[in-house]
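Derivation of every value follows stated rules applied to the coordinates shown; laboratory data play no part. These numbers come from a predicted model, not from an experiment. Here Cβ is always computed from backbone atoms with ideal geometry, including for glycine, and neighbour counts include all displayed protein chains.
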Amino acid sequence: MLNNLIDLEEVSTDKLGAIIELACKIKANPEDYKECCRGKILATLFYEPSTRTQMSFQTAMMRLGGNTIGFDNPMNSSVAKGENLKDTIKIISGYADIIAMRHPAEGAAKAASLFSDVPIINAGDGGHLHPTQTLTDVVTLYNEIGRLDHLKIGLCGDLKNGRTVHSLIKTMSHFEGNEFILVSTRDLKVPGYIKSILKASGCRYTEHDNLSDAMPTLDVLYMTRIQRERFSSEEEYLKQSGVYVLDTKKLSLGKQSLKILHPLPRVDEISSDVDNDPRAVYFKQAVYGMYARMALIYLMLNAPAEKKQVKLPADNRVNRCDNPNCITNRESYLPRAFKNSGDMLTCMYCDNRMLI
Ligand code: CP
């Protein structure tokens, strides 16, 4: 099925459909799957905090009959003694059958996949990608709306640093007729590479700074938290926080069929009285995430793809990625790798684009 899950771009629409279908089957008949990973071990390596992703991976594996190992604070592991990512992954891939990893550096999961003997799942890499959140989101949309195409999708909040936003736009831009309404401040717009993907996909997108104006036409509203941990200072964060708050007054502008999603955690961007509105599906979304991860683990362990060596194309015209948060700038032994497109080079780890 899949060697690794680093970026959902590597998953064909057919394979994505198979994961969604299996997640729905497991949700309907969980008893049928309770032994299917018996004897298998999932390692959850969380170098960054998490509630939903880590615990839904752990419960997913337990509900499939498997076991889990791992850490939720790298300072309680030998990372605190200076062990690098390569050595940690080499060791854990000798203990576990599959690894789910979250890391603050962009491209870290890709880097881990170079050294692992078992499948790596990207559970979030810095502000870059969060593909299993996107699986969660598409399973939610499929169950709550019944389709993934011809949707008017509003995304609001921190569109620059929100990795869930980047992964979701990339995936939903593959489905016909989807339109994206991007609501953010000028400083927190989606990165250029995401706009390039949208342009190439042919999907319509517009950028706005006012949520109320966007509300009436939306089929889906994907609210996001301002990512405090990605700002250079508290002062910079405070300039952006509290700008967008979905409350019942704004919600009254939305369609009755609107679905409100949020990857969670929420801070103040959705007021708690919205929780009681049937259009708010973000708590259900977190449960769909467990079924999505059960389907993913099941397929990666029971229908493995032929193991392939991950190869990175090299381009010697630059010797380092200029994204300071790229994993290659933290772990110096990593081979640099860039994809060449015209006068731009794209880092194969973090997708940062540089002019040659
Ligand atoms: N949605 C999400 O990634 O939540 P956690 O940070 O709690 O895992």
Problem - Whole-number D in µm²/s for segment 1-157 (Stokes-Einstein; Kirkwood sum over Cα pairs; 10 °C, 1.306 mPa s) - result: 96
Practice task
Quote the relative contact order of segment 194-351 in percent (integer), defining contacts as alpha-carbon pairs under 8 Å separated by 6+ residues.
Solution key: 16
Exercise for the section: Any cysteines in the chain with zero other Cys Cβ atoms under 4.7 Å from their Cβ? List them, or say none. Expected result: Cys24, Cys36, Cys37, Cys156, Cys203
Practice task
Give the dimensionless ratio obtained when the Cα radius of gyration of segment 255-306 is divided by 2.2 N^0.38 Å.
Solution key: 1.57
Problem - Summed side-chain charge close to Phe115 - residues other than Phe115 whose Cβ falls under 9 Å, Lys, Arg +1, Asp, Glu -1 - result: 0
Handout entry: Translational D in µm²/s for segment 149-278 (Stokes-Einstein at 25 °C, 0.890 mPa s, Kirkwood Rh from C-alpha pairs)
Key = 165
Fill in the blank from the handout: What the Cα atoms of segment 312-356 span along the principal axes, largest first and in whole Å, is 28, 17, 13
Problem - the chain: DSSP helices with Cα axial extent of at least 27 Å and average Kyte-Doolittle hydropathy no lower than 0.0 - result: 282-302
Completion exercise
Ordered by fewest other Cβ atoms within 10 Å, a rough proxy for footprinting exposure, Met294, Met215 read Met215, Met294
Practice task
Give a residue-ordered list of calculated ³J(HN,Hα) values for segment 96-107 (Karplus: 6.51 cos²θ - 1.76 cosθ + 1.60, θ = phi - 60°; whole Hz; x for Gly, Pro).
Solution key: 10, 8, 7, 10, 10, 10, 10, 8, x, 8, 6, x
Completion exercise
So, over other residues within a Cβ distance under 9 Å of Phe46, counting Lys, Arg +1 and Asp, Glu -1, the net charge is -1
Exercise for the section: Restrict the search to segment 22-101; then list the trypsin sites (Lys or Arg not before Pro) that DSSP places in a loop and that have at most 10 other Cβ atoms within 10 Å of their Cβ. Expected result: Arg38
Handout entry: From phi via Karplus (6.51, -1.76, 1.60), per-residue ³J(HN,Hα) for segment 258-269 in Hz, x at Gly/Pro
Key = 4, 10, 9, 10, 7, x, 6, x, 9, 10, 9, 7
Practice task
Determine by what factor the alpha-carbon radius of gyration of the chain differs from 2.2 N^0.38 Å, reporting the quotient.
Solution key: 0.97
Exercise for the section: Scan around Thr68 for amide H atoms under 5 Å from its own, H built in the peptide plane at 1.01 Å from N, and keep only partners 5 or more places away or cross-chain. Expected result: Leu42
Problem - Relative packing of peptides 45-51, 73-79, 167-173 - highest average C-beta neighbours within 10 Å first - result: 167-173, 45-51, 73-79
Fill in the blank from the handout: To the nearest 0.05, the calculated FRET efficiency linking His208 and Glu83 through their beta-carbon distance, R0 being 45 Å, is 0.50
Handout entry: segment 243-256 - phi-based ³J(HN,Hα) in whole Hz, Karplus 6.51/-1.76/1.60, Gly and Pro as x
Key = 6, 10, 10, 8, 10, 5, 5, 5, 4, 5, 7, x, 5, 5
Exercise for the section: Per DSSP H run of at least 4 residues, take -39500 (n - 2.57); add these up for the chain, divide by its residues and hand me the 222 nm value, nearest 500 deg cm²/dmol. Expected result: -9500 deg cm²/dmol
Problem - Loop-exposed GluC sites (Glu not before Pro) per DSSP, neighbour cap 11 Cβ within 10 angstrom, longest uninterrupted part of the chain - result: 36-175
Problem - Centroid-to-centroid separation of segment 188-260 and segment 270-297 [C-alpha atoms, Å] - result: 18
Fill in the blank from the handout: In the neighbourhood of Gly289 defined by beta carbon distances under 12 Å, the net charge of the other residues (Lys, Arg +1; Asp, Glu -1) is +3
